[in-house]
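The values are calculated or read from the model by the stated rules, or taken from the named source; none is laboratory data. In this text, all values refer to a predicted model and were calculated from it rather than measured experimentally. Cβ placement follows ideal geometry from the backbone for every residue including glycine, while neighbour counts extend to all protein chains displayed. For the accessible areas, the whole protein counts, side chains as well, though only heavy atoms, and no ligand, DNA or RNA atoms are used. Shrake-Rupley method; radii C 1.70, N 1.55, O 1.52, S 1.80 Å.
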Amino acid sequence: MTDGYTAYNAVENVTRCSCWAHMRRAWRDAMPKGATTGNSKAAVGYNYCNKLFALEKKWKDVSNAQRLLNRRNAAEKLVDEYFLWVRTVDPVVGSKLEDAVNYALNQEQYLRAFLKNGEVEISNNFAENAIRPFVIGRKNWLFSDTVKGAKSSAIIYSLIETAKANGVEPYAYLTLILTDMQYMGRPFSNEELESIMPWSEELKKFIASRTRPVPLTEDKG
């Protein structure tokens, strides 16, 4: 799940999915003050995106299989209508409206990818929010000055943010796995790796049992 950066096309053996939040943002940027669907084509494009997000919100708690079925029955029709409409827009050359139209047409294949898999989100907002602490923190030290340093940073932050996403206290998680992994076999078996993933229910219970808050003062009662 990415934005429109074309370099992602060079990644092999993946299915690229484009972000509809970025698509919606392109229409919003093209909307003049006071824009409505009656006087602004950018507002029409923006409204299409909002309709799609509204559908997805209704399906957020269903299974991946049901979400895929819902998308085929409802979202796909909306997306088809959207791209038919996009092709009717005749923007002024060099305008933000032209940028939005070009973004839609250039990304069509990738914007449609979510229709083929119920597990795929329609935007990468969740991922962007997850990495925001890293992005903000990075401003403190600017850039990693070696490739190894950048790789190490990416690994540690991936572990931390994945632990947070699964409701696991990051420091306790890192302490546990960095201590226990030295006693595991080499190479690690799939079962061993799965047992120390942040989404492992047994691991979550174990960490929770070791990280219960300790009262600052005792009740002498």
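Please enumerate the residues belonging to the range 16-60 that are open to solvent by less than 30 Å² (accessible area, probe 1.4 Å), of a type in the set (S, T, N, Q) and assigned to a loop (DSSP other than H, G, I, E, B).
Ser40
Condition check: within 19 Å of Tyr46 (Cβ to Cβ), of a type in the set (Gly, Ala, Ser) and open to solvent by less than 30 Å² (accessible area, probe 1.4 Å). Does Ala104 satisfy that?
Details: within 19 Å of Tyr46 (Cβ to Cβ): yes; of a type in the set (Gly, Ala, Ser): yes; open to solvent by less than 30 Å² (accessible area, probe 1.4 Å): yes.
The answer is yes for Ala104.
Which one of Lys77, Lys96 is among the basic types (Lys, Arg) and in contact with a helix residue (DSSP H, G or I) (Cβ under 8 Å, 6 or more places away or on another chain)?
Numbers: Lys77 fails: in contact with a helix residue (DSSP H, G or I) (Cβ under 8 Å, 6 or more places away or on another chain).
The unique qualifying residue is Lys96.
Could you check Phe126 against (1) of a type in the set (Phe, Trp, Tyr); (2) modelled with pLDDT under 90; (3) under 30 Å from Asn70 (Cα atoms); (4) surrounded by 15 or more Cβ atoms within 10 Å (Cβ to Cβ) and say which number it fails?
(4)
Could you list, in sequence order, all residues of the range 61-118 that are more than 18 Å from Arg24 (Cβ to Cβ), of a type outside the set (Ser, Thr, Tyr) and in a loop (DSSP other than H, G, I, E, B)?
Those that are more than 18 Å from Arg24 (Cβ to Cβ), of a type outside the set (Ser, Thr, Tyr) and in a loop (DSSP other than H, G, I, E, B): Asp61, Val62, Arg87, Asp90, Val92, Val93, Gly94, Asn117, Gly118.
For the range 146-161, state whether one or more residues are open to solvent by less than 60 Å² (accessible area, probe 1.4 Å), at pLDDT below 75 and over 30 Å from Glu76 (Cβ atoms). Let's see the steps before the verdict.
At the first step, the residues of the range 146-161 found to be open to solvent by less than 60 Å² (accessible area, probe 1.4 Å) are 149-150, 153-154, 159-161.
The next check asks that each one be at pLDDT below 75; those that pass are none.
Checked against the condition, which is being open to solvent by less than 60 Å² (accessible area, probe 1.4 Å), at pLDDT below 75 and over 30 Å from Glu76 (Cβ atoms), the range 146-161 yields no hits at all.
Any residue that is surrounded by 10 or more Cβ atoms within 10 Å (Cβ to Cβ), among the polar types (S, T, N, Q) and in contact with a Cys (Cβ under 6 Å, 6 or more places away or on another chain) - is there at least one of those in the range 65-83?
First pass over the range 65-83, keeping only residues surrounded by 10 or more Cβ atoms within 10 Å (Cβ to Cβ): 65-72, 74-83.
Adding the requirement that they be among the polar types (S, T, N, Q) leaves 66, 70.
Still in the running and in contact with a Cys (Cβ under 6 Å, 6 or more places away or on another chain): none.
There is no residue in the range 65-83 that is surrounded by 10 or more Cβ atoms within 10 Å (Cβ to Cβ), among the polar types (S, T, N, Q) and in contact with a Cys (Cβ under 6 Å, 6 or more places away or on another chain).
Residue pairs, Cβ under 8 Å, 6 or more apart or interchain, first in the range 32-46 and of a type in the set (Gly, Ala, Ser), second open to solvent by 70 Å² or more (accessible area, probe 1.4 Å) and assigned to a loop (DSSP other than H, G, I, E, B). List them.
That search, which allows pairs on different chains as well, returns Ser40/Pro32; Ala42/Pro32; Ala43/Thr37.
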